[in-house]
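Chemist: Okay, here's the structure, questions in a sec.
Nothing in this text is a laboratory measurement; each read-out follows from the coordinates by a stated rule. Just so we're clear, the structure is a prediction, and the values are computed from it rather than from any experiment. A quick note on method: Cβ atoms are made from the backbone with ideal geometry, for glycine too, and the neighbour counts reach across all protein chains shown.
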Amino acid sequence: MHWPRFFARVKWDRERREELESYMEMEIDDNVARGMSLDDARAAAQRKLGNRTLIREEIYGMNTIEFLDSLIRDIRFGLRALRRNSTFTAVTLLTLGVGIGANTAVFSVVNGILLKPLSYPKPERLVSVANSAPGAAGLASVSGDLKLSASMYFTYADQNRTFDALGVWNSSGATVTGLSEPEQVRAVYVSDGTLEALGVPPETGRWLAGEDQKPDGAARVMLGYGYWQRRFGGDRSAIGRNITINAKPREIVGVMPRGFRFLNNESDVILPMGFNRSGLRLPGFGYDCIARLKPGVTISEASADLATLVPVWMSSWPAAPGVNPRVYENWRIAPLIQPLKKEMVGGIGNALWVVMGTIGVVMLIVCANVANLMLVRCESRQQELAVRTALGAGRARIVREMLVESGILGILGGALGLAVGWGALQLLAALNPVSLPRLDDISIDGASILFALALSIFSGMFFGSIPAWKYAGSGISMALRGGGRTSSQSRERHRARNILAVIQVALAMVLLVSAGLMIRTFQELRKVQPGFSGAEQIQNVRIGIPEAVEPSADRVVRMENDMVERLAAIPGVKAVGFASESPMQNEGVDWDAVNAEGKVAPGQDIPPMRLFRYVSPGVFQAEGTRLIAGRAYEWTDLYGARPYVMVSENLAREFWGEPRAAVGKRLAASLPGSPWREVIGVVEDVRYNGVDQPAPAIVYWPSYGDNIYRGNVRDALRSMTFAIRSDRAGTEGFLNQVDQAIWAVNPNLAVASVRTMQEVYSKSMARSTFTLVMLGIAGGIALLLGIIGIYGVISYTASQRIREIGIRLALGAQQGELLKMFVRQGLMLAAGGVACGAIAAMMVMRLMKGLLFEISPLDPQTYVAVALVLAASACLASYLPARRASQIDPVEALRTE
Amino acid sequence: MARRESPLHSEMVQGTLDMLILQTLLLGPAHGHTIAHAIERGSEDVLQVEHGSLYPALHRLEGRDWIASFWGTSENNRRARYYRLTPEGRRQLAADTARWEQLVRAIGRILKPATE
């Protein structure tokens, strides 16, 4: 094949014509010279040369790839055919556009979050490190995996042989003062090894280094790109300047580059952890850990390596005073290493796959629907096709033409879909309903475009092949003779469309069941008593009082009391209190075991872990957590450091059988030497870890008092979340007043994490909401397309049987009977679809189990309801065309022939 | 879709026309009209070709770079497309001729087995 000739084949043809022309002239000249008349000479030359057009065609054929050339012709023909039938084309393109668009959007999300590697150098070597501790009862219910303690970090970091770098980190808020009004910024605290593990070089300056980690060394800080731009206008001379964070001046040593995210956290400032190595003990399991594997090291090798270090850790560091360090042996601590990506993606992965699958099913329905439209179209082109076949068009040729036509539809639909998908993604990014991880990585990129292209070509071939296979070269004589006019149609001719309609209904059934199960899940979640009430009235704000601002614990508690009083004085405020954390926020939690006086649980060497929460007076009232028995803390209890404690209802029941019985009993932390504290009150259970998680047993310690974990000295909570109950929660005016109240106590305090409890509560259900909405949309599209499918089949059948209907009516058939006949047909289709769909759904719904809450994947109510909805829709979809058909005037019907 | 199959191919051994064209061009560049008449005359009118069939053959040979073409002026001042042999064409002709002679000898031996 000569490519230059292929592209110049028209020019070549012109040259050949000239050449043949010149031959003719020469031959005529010769003939004339031999004495012929001009006419005879021309005729003789003509004979000698032969058919000039044929010659040119033969040469043209040599210059081209037959297939390509005729493909171009087929495309032109297809485009013309589609333009002529604009309604069909518009409907098809719209359906395809929505289908492909939805798929492309969801694929882009899945690709960005689940498939694409993390945007760090050599991301496949990044892992997160935690521990499992199956021997520590109750741990899973309070904090999930066992995080690292500071001492464990040192052992792991210093003595491992499988990591290039390993570091621990924490995220929290920090207060910057001195630049303007005190500002609360997002801070990430990192140990040595953390930045090295991530491996992203700084934009300017340097990383925090080992020397910056010394607790008594020079105070240093790194800035995030955004904060650097915002506060320093991107000025490189910011390096070396000081900035006051948590009342401590720190020298700026570096800036991270644009687009750098610390895992899922935006970070304005990066601060050194600054562990005081000599004061560390075994416990304090509060640090997240990331690490970079050495090249070629597998996760299981690394796990084995760290596993050998657990006993080393146990023997290298002191336990808390009086505690036998062997207690941790019973916990059976083992390293838990997983790819960092898995850790970052978290629980949304499962939901995303389900959504992707669902949207894929929608695409199948779309294809079935378009195939149905194509069948109808082919039906009306039967005669055209038959004539062409009779004139010698080969079967392959006609099939190809049909496939080209559907291919064009597919590609155009794909282009439209890309636009739809792009729009949908913009919407998703703007709303970000689930606070999707890795949101920056989600975009319509090469992979998405490729996906859309593949999808459009595949679907084009799919829905094109059905009519092509069915109609190409079949029944020429039949079609030519009767064109379907003289006889009613055979069952045969309807089979393909009936099957497609059944498939559509079946797929719709599957999707509607999945959507239905999510609705039921949502209902169940809404029924759950979260342990707080009137969430939209609860204003949460987070405040920290660093030691640099107020070193004395005694004065801190007075400041806090002052703040509570000032906040309570804001008009419209009904109750105020604060606690170490508020429910469902996934902030770091504190936990340990406790002992009840006189209750040595039999056979329990290791008492189960309980969630600890430090609370102020008034917080239960503010959060709307009911007091079940006894009373709540008063300020006088705190000032007097009285040995009191409060517990959650489930803990009271566990120890003493019923809440009432708990009041007056005594309880102590499991640390040896812990003084007994008297239980003064029991409050209702709180779904602390999320609506769908069981309520953990909680011990409520007072926010100020003797802290056994700090050597039994008076200690005050310094970082806390206020709960302020007011009808004006969330309004700007109200938040201003909150700021003023706090600043009135100390102008160096900043307010952070401002949100209402309602936002927190909604966020806790975000994954379910997101899945519900997506499945709802998919189910809705599926239902609509399913109805259209049945409607299409029935109305087409009706239109084809008009003559028959006319005869029946003329012979005295009742309208009602005719109606019944068509509706019965529609219902049969629906029944077939529902039956197949129910079986398919039962098999598929297992995959959704992780997303459901207290609902079985085989929930009969859902299945029955969906089946009824489909049956009702099928009735409607077949009734409408049936009624039109039965109201026909028999004379009219017979005259149309 | 069926087409192609020049009438010449059914009458002459495949490849023979190509060889004859190349042989004709050995004498110097010529245009289609000359080539057609040269083959006819050279074979003492045994090989009657429809002259038109020559052109697809010329096109094919040019595609294989065995001959090259250029526009020139004919003996009686008409614009004509001339063809000339390329070095590759010359080599091809030699190879074709050798194979042809071999073939003829072989066939001859079968047809007249007892002459010696």
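Chemist: I'd like the mean, over residues of A:268-276, of how many other protein chain beta carbons sit within 10 Å of each residue's own Cβ.
Modeler: 0
Chemist: For the range A:836-851, what does the Karplus curve 6.51 cos²θ - 1.76 cosθ + 1.60, with θ = phi - 60°, yield as ³J(HN,Hα) per residue in whole Hz, taken in order and with x for Gly and Pro?
Modeler: 4, x, 5, 5, 4, 4, 4, 6, 7, 5, 3, 5, 8, 3, x, 9
Chemist: Taking the simple approach of a point 7 Å from Cα along Cα-to-Cβ for both A:Met843 and B:Arg78, what is their distance in nm?
Modeler: Result for the modelled spin labels: 7.6 nm.
Chemist: Quick check: Cα centre of the range A:866-897 to Cα centre of the range A:506-539, how many Å?
Modeler: Cα centres, the range A:866-897 to the range A:506-539: 38 Å.
Chemist: What distance in nm separates the two pseudo spin-label positions at A:Tyr60 and A:Ser380, each 7 Å out from Cα along the beta-carbon direction?
Modeler: With each label placed 7 Å out from Cα toward Cβ, I get 3.3 nm.
Chemist: Just tell me how shielded B:53-60 is by partners: mean number of partner chain Cβ atoms within 10 Å of each residue's Cβ, no decimals.
Modeler: Average neighbour count from other chains, rounded to a whole number: 6.
Chemist: Give me the inter-chain shielding for A:50-56: mean count of other chain Cβ atoms within 10 Å, whole number please.
Modeler: 5
Chemist: If you don't mind, there's one more thing I want to ask. I need the fraction of alpha carbon pairs in the range A:214-343 separated by more than 26 Å, rounded to a whole percent.
Modeler: Summing the P(r) of the range A:214-343 above 26 Å gives 46 percent of all pairs.
Chemist: Here's something else I'd like to know. Any idea how far apart B:Arg105 and A:Arg258 come out in nm if each label point goes 7 Å out from Cα toward Cβ?
Modeler: Roughly 8.1 nm, to one decimal.
Chemist: Also, I was wondering about something else. Evaluate E = 1/(1 + (r/R0)^6) for A:Ala447 and A:Ala393, where r is the Cβ-Cβ distance and R0 equals 45 Å; express this FRET efficiency to the nearest 0.05. If you can, show how the numbers build up before the last one.
Modeler: Numbers: r = 40 Å, r/R0 = 0.89.
The formula returns an efficiency of 0.65 here.
Chemist: So if R0 is 56 Å, what FRET efficiency would A:Glu634 and A:Ser180 give, r being the distance between their Cβ atoms, rounded to the nearest 0.05?
Modeler: 0.90
Chemist: P(r) for the range B:12-111, please, calculated from all Cα pair distances in 5 Å bins and given in %.
Modeler: Per 5 Å bin, starting at zero, the Cα-Cα P(r) for the range B:12-111 comes out as 2, 12, 22, 24, 20, 11, 5, 2, 1, 1, 0 percent.
Chemist: Contact order normalised by length for the range B:12-111, with contacts defined as Cα pairs under 8 Å and 6 or more residues apart; what percent is it?
Modeler: Computed over the range B:12-111, the figure is 30 percent.
Chemist: Tell me which lysines have Cα within less than 24 Å of A:Lys849's Cα, excluding those fewer than 8 residues away on the same chain?
Modeler: A:Lys341, A:Lys342, A:Lys527, A:Lys763
Chemist: If you stretched the chain out fully between A:Glu759 and A:Ile411, how much longer would it get, using 0.36 nm times the residue separation minus the C-alpha to C-alpha distance?
Modeler: 121.0 nm
Chemist: Quick one: if you take sqrt(5λ) for each eigenvalue of the C-alpha gyration tensor of chain A, what semi-axes come out, biggest first, whole angstrom?
Modeler: Over the Cα atoms of chain A, the ellipsoid semi-axes are 72, 38, 24 Å.
Chemist: Which lysines have a Cα lying under 29 Å from the Cα of A:Lys214, excluding residues fewer than 8 positions away in the same chain?
Modeler: A:Lys147, A:Lys248, A:Lys294
Chemist: What is the extension gain from A:Ala90 to A:Leu876, computed as 0.36 nm multiplied by their sequence separation minus the C-alpha to C-alpha distance, in nm to one decimal? Let's see the in-between values first.
Modeler: Numbers: separation 786, 0.36 × 786 = 282.96 nm, distance 2.47 nm.
Using 0.36 nm per residue and subtracting the Cα-Cα distance, I get 280.5 nm.
Chemist: Counting only helical runs of four or more DSSP H residues, what would the 222 nm mean residue ellipticity of the protein assembly as shown come to if each run contributes -39,500 (n - 2.57) and the total is spread over all its residues?
Modeler: Numbers: 35 runs with 533 residues, N = 1013.
Calculated from helices alone, the mean residue ellipticity at 222 nm is -17500 deg cm²/dmol.
Chemist: Could you size up the charge dipole of the protein assembly as shown around its Cα centre, putting +1 on the beta carbon of Lys and Arg and -1 on that of Asp and Glu, and report it in debye to the nearest 20? Spell out each step's value before the answer.
Modeler: Details: 109 positive and 96 negative charges, 447 e Å.
My answer is approximately 2140 debye.
Chemist: Another question, if that's okay. Can you list the lysines whose alpha carbon sits under 27 Å from that of A:Lys665, skipping same-chain ones fewer than 8 residues off?
Modeler: Within reach: A:Lys599.
Chemist: Grab the Cα-Cα distance for A:Glu536 and A:Gln693, subtract it from 0.36 nm times how many residues apart they are, and report the gain in nm with one decimal. It would help to have the intermediate numbers written out before the result.
Modeler: Values: separation 157, 0.36 × 157 = 56.52 nm, distance 2.12 nm.
Extra length from A:Glu536 to A:Gln693 when fully extended: 54.4 nm.
Chemist: Ok, one more. What does the highest-first list of A:365-372, A:844-851, A:293-300, A:700-707 look like by mean Cβ count within 10 Å?
Modeler: Descending packing order for the listed peptides: A:365-372, A:700-707, A:844-851, A:293-300.
Chemist: Now for a different question. Taking a label point 7 Å from the Cα of A:Gln814 along the Cα→Cβ vector, which residues of the range A:856-897 have an amide N closer than 17 Å to it?
Modeler: A:883, A:886-887
Chemist: Whole-Hz ³J(HN,Hα) for each residue in the range A:623-628, computed from phi via Karplus 6.51 cos²θ - 1.76 cosθ + 1.60 with θ = phi - 60°, x for glycine and proline: what do you get?
Modeler: 8, x, 8, 6, 7, 8
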